[in-house]
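Data first, discussion second: the structure below is written as structure tokens.
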Amino acid sequence: MALLIGTDIVFGSNMPEDYVPLALHENDPFTMFKKNKDMVLLNDRPWNMEAQAHLLDDDITPNSCMFIRNNGHVPEKINPYTWKLTIDGESVKHKKTYSLADLKSKFKQHTYQLTLECGGNGRSEFDPPAKGNQWTIGAVHCAQWTGVRLKDVLEDAGIKSDAVYIGYHAVDEHLSYDPNKEPISRGCPMSKALMDETLLAFRMNGKDIPLVHGYPLRLVAGGWPASVSGKWVNRISIRNKVHDGTKMKGSAYRIPCKPVAPGTKVKDEDMCIIESMPVKSLITYPRSGAMFNLSKALTIRGHAWAGELEVSSVEYSIDFGSTWKSCTLKKPVNRLAWQRFSATIRFSQTGYYEIWAKATDSQGKSQPMLLPGWNPKGYLNNACHRIAVKVK
Amino acid sequence: MRKDRPTYPETRKLYRWMYGLVMILVLLVSAFISMNIFFPHWLYQSETIITSSETNSDGDADKIENGIHVRTGLIDAEGLMVVVQNCTSCHSASLITQNRMTEERWNETIKWMQETQNLWELGPNQKVIVDYLVTNYPPMKKGRRMVLKDVDWYELED
């Protein structure tokens, strides 16, 4: 590899498995990040890329089909041997620093499959349009994460009784390269931070986390907007107030506390932080556009998820919601993992159909067929997914 | 007994000179670091207003094909180069073309970028930029749900 680049790679032996240095590519994100060619590039500075529904058919999403959401520049110089994670903040009992080796040896390791969905997934459908990357349906994945519980590390440092929130800090650089600005620094209330499934992860799908997804250390908080799951994390602050880092304030990752009419201007103080993501589902097979004979029994399948909750049922409709039939639905492999649904459909006449899927969570809330409540930044669109088919 | 060392004064002079050089370097480095810490805007925003000039464009970098500015994908229309120069140095043009807003909301967005993202003052260029955006990328009516478009039809194998 050194021959290819024409220079020695400092810390070359520390590079993550499968990692190809950025210098080897001319900014082709598909090669650089090892992504499927059917992924859709939304933005190249910063890198933002989403999947299409049919790419998300696997039970465990492979790296090649995982959406990329970045707020700043992907860091390039990472040395796992000198990497440090500091636990600090107003409400830490003893400020502590851990190396990756410390984390791995001191604390018990856990593996969970966790659904991470971008808060703005589905933003492109809002009217009037909302500012930001125009995600359609593909900013969601459910990979398998291995790491230590954030709870164990925070408790090792000691949590004061006045702790209310944690906030993460990371090494990525602001788009303007201003060293005094953080591209993003979000967090979650202590209740979420202390959950069993909230991890400080160092492996994804059994390998080192790919660089663009947070190598060498990522906070993973399944079921919440994926921006809570900070990448390249090197510091976590235990706060005695709601964390006030970049993208915690104003309209970022917030929705109006009370419903508003489309296009309404909402004051910052009337906006509330998004916590659990709403119930949603995706038909991952067949790909939209399938044509087949009337004699065929069509099998459909996909995934459903419901933030902090479990999905209790999934139904499908081939007549725009006039009638619904139930799908077979599996239990999640663990809490906060998406659930597989499937159904076999027989059509009684030829023609154009749309197959719509609708999931319902354990509290009885279902996905709307129309767009849910408008909000200034276009978050939380959990409207039903549909595919088009033709029966011949 | 004492050995004659005729080079001694020269060596001392050389050391003194080197010491001075090192101190100057140290001063420069610390000045640069403190600039980074205390006045990053001076370092990173030296060009406060990038002026418009289509004649500035250099050959291939600003090639237009079928009415599209090839490098950025932006529509070729009045104000294009002002937009290219002021709006694509931090983020890519795809963030612009994906977003469709009214004049009022573009102005708010520019204000937000100036307050939080280190965007410089645009001066008279702001009107040129916003006019370009609302003319070429106006908001589209989508309603409560759009019809499925651009379906890629294929034979489903068993």
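The values are calculated or read from the model by the stated rules, or taken from the named source; none is laboratory data. These figures come from a predicted structure and were not determined experimentally. Counting neighbours? That spans all protein chains shown, and the Cβs are built from the backbone with ideal geometry, glycine included.
Would you be able to say whether some residue in segment B:59-71 is within 28 Å of B:Y137 (Cβ to Cβ), at pLDDT below 75 and not charged (D, E, K, R)? So that I can check it myself, show each step before the final result.
As a first pass, look at segment B:59-71 and keep what is within 28 Å of B:Y137 (Cβ to Cβ): B:59-71.
Now drop any that are not at pLDDT below 75, which leaves B:59-60.
If we keep only those that are not charged (D, E, K, R) too, we end up with B:59.
Yes, because at least one residue in segment B:59-71 is within 28 Å of B:Y137 (Cβ to Cβ), at pLDDT below 75 and not charged (D, E, K, R).
For segment A:344-361, check the following and say yes or no: at least one residue is in contact with a Leu (Cβ under 6 Å, 6 or more places away or on another chain) and among the polar types (S, T, N, Q).
The answer is yes; a qualifying residue exists.
Which one of the conditions (1) farther than 30 Å from B:G143 by Cβ; (2) surrounded by fewer than 19 Cβ atoms within 10 Å (Cβ to Cβ); (3) out of contact with any Lys or Arg (no Cβ under 7 Å at 6 or more places or on another chain) does A:C142 fail to meet, given that it meets all the rest?
The number of the failed condition is (2).
Is there any pair with a first residue in segment A:202-213 that is more than 19 Å from A:H110 (Cα to Cα) and a second that is in a strand (DSSP E or B) and not aliphatic (A, V, I, L, M) whose Cβ atoms are under 9 Å apart and which are 6 or more apart or on different chains, and what are they?
Close Cβ pairs (under 9 Å, with a partner that is in a strand (DSSP E or B) and not aliphatic (A, V, I, L, M)) amount to A:V212/A:W47.
Being within 12 Å of B:N136 (Cα to Cα) and more than 8 Å from chain A (Cβ to nearest Cβ) is the filter here; which residues of segment B:84-101 pass it?
B:I96, B:T97
Being closer than 20 Å to A:A252 by Cα, more than 8 Å from chain A (Cβ to nearest Cβ) and either outside any loop (DSSP other than H, G, I, E, B) or not β-branched (V, I, T) (or both) narrows it down to one residue among B:K111, B:K127; which is it? Explain how you work it out, then say what you get.
On the way: B:K127 fails: closer than 20 Å to A:A252 by Cα.
None of the others qualify; the one that does is B:K111.
Every residue in segment A:88-105 that is under 24 Å from the mean Cα position of the chain (by Cα) and within 14 Å of A:I236 (Cβ to Cβ), please.
A:L103 - this is the single residue of segment A:88-105 that is under 24 Å from the mean Cα position of the chain (by Cα) and within 14 Å of A:I236 (Cβ to Cβ).
Table: residues versus (1) more than 28 Å from A:R340 (Cα to Cα); (2) in contact with a helix residue (DSSP H, G or I) (Cβ under 9 Å, 6 or more places away or on another chain).
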site: A:M66; (1), (2): no, yes
site: A:K77; (1), (2): yes, no
site: A:K96; (1), (2): yes, yes
site: A:D102; (1), (2): yes, no
site: A:Q144; (1), (2): no, no
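Tell me which strands (runs of 3 or more DSSP E) are completely within segment A:260-370 and hold 2 or more residues being more than 14 Å from chain B (Cβ to nearest Cβ), or say none if there are none.
On the way: elements: A:271-273, A:280-285, A:290-292, A:298-305, A:311-317, A:339-345, A:351-361.
So the answer is A:271-273, A:280-285, A:298-305, A:311-317, A:339-345, A:351-361.
Considering only segment B:114-122, I want to know if a residue exists there that is away from chain A (no Cβ under 12 Å), over 28 Å from A:N382 (Cβ atoms), of a type outside the set (G, A, S) and surrounded by fewer than 12 Cβ atoms within 10 Å (Cβ to Cβ). Can you show your working first?
From segment B:114-122, those away from chain A (no Cβ under 12 Å) are B:121-122; that's our starting set.
Those still in the list that are over 28 Å from A:N382 (Cβ atoms) too: B:121-122.
Checking which are of a type outside the set (G, A, S) leaves us with B:121-122.
In the following step, the residues that additionally are surrounded by fewer than 12 Cβ atoms within 10 Å (Cβ to Cβ) were identified as B:121.
Taking every residue of segment B:114-122 in turn, at least one turns out to be away from chain A (no Cβ under 12 Å), over 28 Å from A:N382 (Cβ atoms), of a type outside the set (G, A, S) and surrounded by fewer than 12 Cβ atoms within 10 Å (Cβ to Cβ).
Could you tell me which residue of segment A:161-188 is surrounded by the fewest Cβ atoms within 10 Å (Cβ to Cβ), considering only residues that are closer than 28 Å to A:P46 by Cα, out of contact with any helix residue (DSSP H, G or I) (no Cβ under 8 Å at 6 or more places or on another chain) and more than 14 Å from every other protein chain (Cβ to nearest Cβ)?
A:V171
Collect the residues in segment A:119-157 that are at the interface with chain B (Cβ under 9 Å from one of its Cβ atoms) and either without any contact (Cβ under 8 Å) to a residue 60 or more places away in the chain or not basic (K, R) (or both), keeping them in residue-number order.
A:S124, A:E125, A:F126, A:D127, A:P128, A:P129, A:A130, A:G132, A:N133, A:Q134
Of the residues A:R235, A:R254, only one is touching a residue at least 60 places away in the same chain (Cβ under 8 Å), assigned by TED's automatic domain parsing to the domain that holds A:C142 and closer than 30 Å to A:T97 by Cβ; which?
Within the list A:R235, A:R254, the selection yields A:R235.
Within segment B:107-158, how many residues turn out to be of a type in the set (D, E, K, R) and either touching a strand residue (DSSP E or B) at 6+ places or on another chain (Cβ under 7 Å) or under 22 Å from B:E78 (Cβ atoms) (or both)? Break it down stepwise before answering.
Filtering segment B:107-158 down to residues of a type in the set (D, E, K, R) leaves B:108, B:111, B:115, B:121, B:127, B:131, B:141-142, B:144-145, B:149-150, B:152, B:155, B:157-158.
Next, only the ones that are either touching a strand residue (DSSP E or B) at 6+ places or on another chain (Cβ under 7 Å) or under 22 Å from B:E78 (Cβ atoms) (or both) stay: B:121, B:127, B:131, B:155.
Going through segment B:107-158 one residue at a time, the tally reaches 4.
Could you list, in sequence order, the residues of segment A:35-50 that are surrounded by fewer than 17 Cβ atoms within 10 Å (Cβ to Cβ) and in contact (Cβ under 8 Å) with a residue 12 or more places away in the chain?
Those that are surrounded by fewer than 17 Cβ atoms within 10 Å (Cβ to Cβ) and in contact (Cβ under 8 Å) with a residue 12 or more places away in the chain: A:N36, A:D38, A:V40, A:L41, A:D44.
Can you tell me which condition A:A53 does not meet? The list is (1) modelled with pLDDT under 95; (2) away from every other protein chain (no Cβ under 11 Å); (3) surrounded by 16 or more Cβ atoms within 10 Å (Cβ to Cβ), and all the others hold.
Condition (1) is where A:A53 drops out.
Give me a count of the residues in segment B:130-143 that are in a loop (DSSP other than H, G, I, E, B) and either surrounded by 14 or more Cβ atoms within 10 Å (Cβ to Cβ) or not basic (K, R) (or both). So that I can check it myself, show each step before the final result.
To start, the set of residues in segment B:130-143 that are in a loop (DSSP other than H, G, I, E, B) comprises B:137-143.
Next, from what is left, pick out any that are either surrounded by 14 or more Cβ atoms within 10 Å (Cβ to Cβ) or not basic (K, R) (or both): B:137-140, B:142-143.
Here the count works out to 6.
Okay, residues lined up against (1) crowded, with 16+ Cβ neighbours inside 10 Å; (2) over 27 Å from A:L114 (Cα atoms); (3) at pLDDT below 95:
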position	(1), (2), (3)
A:S317	yes, yes, no
A:F320	no, yes, no
A:T323	no, yes, no
A:D361	yes, no, no
A:N375	yes, no, no
A:N381	yes, no, no
A:H385	yes, no, no
A:K392	no, yes, no
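Considering each of A:T86, A:T115 in turn, give the residue that is in a strand (DSSP E or B), over 18 Å from A:N382 (Cα atoms) and touching a residue at least 40 places away in the same chain (Cβ under 8 Å). Step through it out loud before you land on a result.
Working: A:T115 fails: over 18 Å from A:N382 (Cα atoms).
After applying the criteria, what remains is A:T86.
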